[in-house]
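No lab work stands behind these numbers, since they all come straight from the coordinates. For clarity, every value in this text was computed on a predicted model and none was experimentally measured. No Cβ is skipped: glycine too gets one built from the backbone with ideal geometry, and neighbour counts run over all protein chains shown.
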Amino acid sequence: MDDNEDDITPAQVVADMRTAWHSESVSPCLLQSRLELVHCLVDQIEEMDKNLMTVQDRTHIKVSLHRLELQRLNYMINSYMRLRLKKIEENPIFLLEKHKEGIEKNKPPLMSEEELKFAHRFATAQTSVFSSTITQHLPASLARVPVPSEDLSVERVFISVESDDVEDVAVPEGDDPNSELLLPMQRENIYFLPLLSILPALEKNQVRLL
């Protein structure tokens, strides 16, 4: 995690992981990786599990409740990872290119190292299948694996402002695509906005998806 997150509390890790999980579940695109939260939470789960193993009376209701909480946290982590892998499977080549472009612009990585390896393997397998079943029968000019583009211009999302530092958001005004309106963001307010307009604030964790 970042240096300024070294002193983060276990409760805050769980809260941040829950936010990342929910955001990934409702976002139409793959969001920036929060695998550092996953690793931190896994460490906490392992420590809690070790502590439970030292309890003499394992039939106590408190032990059962702690076990239930560990199962809930494990489910959240697994669901978060499955959501991300599903999005990667849907368009691995495009996401690899998007990840590379983000790194070149000094943005936080879109995918973790583990996800990058998965995306490369899946893209290679996908290309191999297309080559052996379709593209080998096509002219050279058409023998390429299709890479669907990602059109987020039509996506609208509900957001909640979580910070006082969110800059005014530019949103389209009326039917004119070249006309924009600056909308001030107020903390704890809820807005329904174009995804592309709030994506920078979302990447900085200044807003969260609802």
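Things worth noting here:
- Shape category assigned to the stretch 60-135 from the gyration tensor of Cα positions, a/c cut at 1.5: oblate
- Histogrammed with a bin width of 10 Å, the alpha carbon distances of the stretch 55-210 distribute as 9, 23, 27, 21, 14, 5, 1, 0 percent, first bin at zero.
- Positive-end residue of Val161, Leu35, Ile8, charge dipole of the chain with Cβ unit charges: Leu35
- Placed amide H near Leu183: partners under 5 Å, 5+ positions off or other chain: Val169, Ala170, Val171
- Annotation for Gln71 and Arg144: the two label points, set 7 Å from Cα along the Cα-Cβ direction, are 5.1 nm apart.
- Extension gain for the segment Met53 to Ala11, taken as residue separation times 0.36 nm less the Cα-Cα distance, is 13.0 nm to one decimal.
- Pairs spanning more than 21 Å between alpha-carbon atoms, out of Lys98/Lys204; Lys117/Lys204; Lys105/Lys204: Lys117/Lys204.
- Degrees, to the nearest 10: 113-133 long Cα axis against longest axis of the chain: 40
- Net dipole in debye of the stretch 3-151 [+1 Lys, Arg Cβ; -1 Asp, Glu Cβ; about Cα centre; nearest 20]: 620
- The long axis of helix 61-90 is offset from the longest Cα principal axis of the chain by roughly 10 degrees.
- Helix 92-104 and the longest principal axis of the Cα set of the chain meet at an angle near 80°.
- Peptides 163-170, 35-42, ordered by how many other C-beta atoms sit within 10 Å of their residues on average, highest first, read 35-42, 163-170.
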